[in-house]
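The values are calculated or read from the model by the stated rules, or taken from the named source; none is laboratory data. Everything numeric in this text was worked out from a predicted model, so none of it was measured. Glycine also receives a Cβ, built like all others from the backbone with ideal geometry; neighbour counts cover every protein chain displayed. Quick note on the areas: whole protein, heavy atoms, side chains included, nothing else; ligands and nucleic acids left out. Shrake-Rupley method; radii C 1.70, N 1.55, O 1.52, S 1.80 Å.
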Amino acid sequence: MLREWTRADTSELLRVPTADDDKYSRGVVGLRTGSASYPGAAVLGVEAAWRAGAGYVLYTGGARDAVLARRPETVARDEAGRTRVGAWVIGSGTDAEHRDERERTALEEILRGDVAVVVDAGALDLAAHATAPMVLTPHAGEFRRLRAGLGLEDVDLATEDARVAGVVETASRLGATVLLKGSRTVIAGPDGEPIVIGDAPAWLSTAGSGDVLGGVIGALIAADPARTLAVSAAAAVWLHGRAAARASGVAGGSSAGGRAAGHPIVALDVAEALPGAIGELLS
Ligand SMILES: NC(=O)C1=CN([C@@H]2O[C@H](COP(=O)(O)OP(=O)(O)OC[C@H]3O[C@@H](n4cnc5c(N)ncnc54)[C@H](OP(=O)(O)O)[C@@H]3O)[C@@H](O)[C@H]2O)[C@@H](O)CC1
Ligand SMILES: Nc1ncnc2c1ncn2[C@@H]1O[C@H](COP(=O)(O)OP(=O)(O)O)[C@@H](O)[C@H]1O
């Protein structure tokens with residue numbers, strides 16, 4: 001069975017903060033992302049985590065100045081210290097080939113912990129030996145590399161059936177949740193039914209939009225770390241797509257009754273449209 005994720009599924013997971021909440025209970029997201037080569041990816045993930053409703057965002061990566069210039073609300077330190085992180089996001093805007101020993105040690109420590117980790121881009125190669133609960137977020141090229149690294153057969157990603165089967169197999173091999181990005185994103189937990197999320201406008205296929213997604217997933221996991229990871233990830237993908245629809249002018253429909261053609265967007269537009277997408281579901 002394949003579950004098609006809906007707007008109603010997403011609404012059910014969102015909640016309005018109450019008088020009993022504080023910045024920690026709303027969700028603490030830790031990001032160890034970005035590098036001198038790709039500082040922008042860190043900025044995008046941090047912006048997205050805040051805009052998706054995190055109460056506290058901690059940044060421990062290599063692009064601190066860029067992150068703080070954009071979002072001074074972010075707590076930037078070398079390590080988490082005493083801050084209890086609810087979800088980590090690692091790898092976006094990093095390259096495994098340029099990882100030094102210090103960075104490897106820091107990432108391996110996160111990947112050995114009890115806290116859920118969103119593993120993207122330049123950290124995907126470390127997932128095979130990790131024990132933390134994880135959501136891996138490869139695009140098609142990274143998915144192929146990940147499977148090759150695990151000794152799994154190459155899959156033809158042209159059909160949805162093959163994509164779903166490949167994601168299910170990879171998730172089962174890793175004992176983790178795997179999310180294959182694309183126009184229809186496929187998610188599978190280690191043993192749950194696979195989920196598909198479509199409907200995002202193709203305007204979303206723009207550099208950095210995957211880095212934004214990492215921050216959204218981190219915020220939704222941190223808001224309720226006990227929830228099944230595949231469910232938080234599916235809701236994040238849906239919101240990310242809805243934010244892209246709002247930002248690109250597709251969300252309102254057209255006077256002809258069909259979907260409006262919309263217009264180009266950049267990844268930061270998607271992050272900035274997240275609060276509106278969340279508000280729309282809560283109203
Ligand atoms: N602002 C920032 O800081 C941004 C930073 N970013 C950061 O950049 C880092 C590198 O991530 P990336 O995704 O750019 O490259 P990479 O992981 O090498 O994957 C390439 C794979 O895709 C495939 N492929 C298919 N079509 C292709 C095409 N037309 N052109 C090229 N490749 C194409 C191709 O497969 P092939 O077809 O060659 O088999 C190849 O395997 C990463 O850390 C990310 O977070 C980005 O998020 C952008 C914004
Ligand atoms: N044709 C498409 N239609 C809708 N969404 C798409 C399409 N192609 C890619 N996406 C989405 O855009 C994002 C691209 O992520 P990714 O490839 O990691 O980009 P980057 O590494 O530049 O951040 C993903 O969320 C993916 O699901």
- Task: Could you grab me the full set of residues in the range 144-172 that are surrounded by 13 or more Cβ atoms within 10 Å (Cβ to Cβ) and within 16 Å of ligand 2 (Cβ to nearest atom)?
- Result: ARG144, ARG145, LEU146, LEU157, GLU160, ARG163, VAL164, GLY166, VAL167
- Residues that are within 13 Å of ligand 2 (Cβ to nearest atom) and open to solvent by 80 Å² or more (accessible area, probe 1.4 Å), drawn from the range 100-143: HIS139
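How about the range 111-134: which of its residues are hydrophobic (A, V, I, L, M, F, W, C) and outside any loop (DSSP other than H, G, I, E, B)?
Listed by number, the residues that qualify are LEU111, ALA116, VAL117, VAL118, VAL119, ALA121, ALA123, LEU124, LEU126, ALA127, ALA128, MET134.
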- Determine the pairs where a residue that is within 14 Å of THR185 (Cα to Cα), located within the range 204-223, has a partner that is within 9 Å of ligand 2 (Cβ to nearest atom) and open to solvent by 20 Å² or more (accessible area, probe 1.4 Å) with Cβ atoms under 8 Å apart, the partner being 6 or more residues away or on another chain. SER205/SER183; GLY210/ALA121; GLY210/HIS139; GLY210/LYS181; LEU213/LYS181
- Message: Any residue that is open to solvent by less than 50 Å² (accessible area, probe 1.4 Å), assigned to a strand (DSSP E or B), more than 16 Å from ligand 1 (Cβ to nearest atom) and of a type in the set (Ser, Thr, Tyr) - is there at least one of those in the range 177-192?
- Response: yes
- Task: Would you check which residues across the range 135-149 are assigned to a helix (DSSP H, G or I), more than 9 Å from ligand 1 (Cβ to nearest atom) and of a type outside the set (Phe, Trp, Tyr) and list them?
- Result: LEU146, ARG147, ALA148, GLY149
- Query: So is ALA235 more than 10 Å from the chain's Cα centre (by Cα), open to solvent by less than 10 Å² (accessible area, probe 1.4 Å) and either under 14 Å from TRP50 (Cα atoms) or within 16 Å of ligand 1 (Cβ to nearest atom) (or both) or not?
  - Reply: no
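Only one of ARG259, ARG227 is modelled with pLDDT under 95 and not in a helix (DSSP H, G or I). Can you tell me which? Steps first, please.
Numbers: ARG227 fails: modelled with pLDDT under 95.
After ruling out the rest, the residue left standing is ARG259.
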- Message: Taking the conditions exactly as written (within 16 Å of ligand 1 (Cβ to nearest atom) and either touching a Gly at 6+ places or on another chain (Cβ under 8 Å) or more than 18 Å from ARG145 (Cβ to Cβ) (or both)), does VAL196 satisfy them or not?
- Response: no
- Please verify whether the range 250-262 includes one or more residues that are open to solvent by less than 30 Å² (accessible area, probe 1.4 Å) and within 18 Å of the chain's Cα centre (by Cα). no
- Item | Flag if THR94 is within 16 Å of ligand 1 (Cβ to nearest atom) and touching a residue at least 40 places away in the same chain (Cβ under 8 Å) | yes
- Query: When the residues of the range 1-41 are filtered to those that are aliphatic (A, V, I, L, M) and over 30 Å from GLU109 (Cβ atoms), which remaining residue is modelled with the lowest pLDDT?
  - Reply: MET1
- Task: Starting from the range 7-36, keep only residues that are over 29 Å from GLU97 (Cα atoms), then list their pairs with residues that are open to solvent by 90 Å² or more (accessible area, probe 1.4 Å) whose Cβ atoms are within a distance under 8 Å, requiring at least 6 positions of separation or different chains.
- Result: TYR24/ARG84; VAL28/ARG84
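I need a count of the residues in the range 199-219 that are in a loop (DSSP other than H, G, I, E, B) and more than 14 Å from ligand 1 (Cβ to nearest atom). Give the steps one after another, and end with the answer.
At the first step, the residues of the range 199-219 found to be in a loop (DSSP other than H, G, I, E, B) are 199-201, 205-208.
Those still in the list that are more than 14 Å from ligand 1 (Cβ to nearest atom) too: 199-201.
Residues in the range 199-219 being in a loop (DSSP other than H, G, I, E, B) and more than 14 Å from ligand 1 (Cβ to nearest atom): 3 in total.
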- Inspect the range 47-70 for any residue being free of Cβ contacts under 8 Å to residues at least 12 places away in the same chain, under 15 Å from ALA123 (Cβ atoms) and more than 16 Å from ligand 2 (Cβ to nearest atom) and give the result as yes or no. no
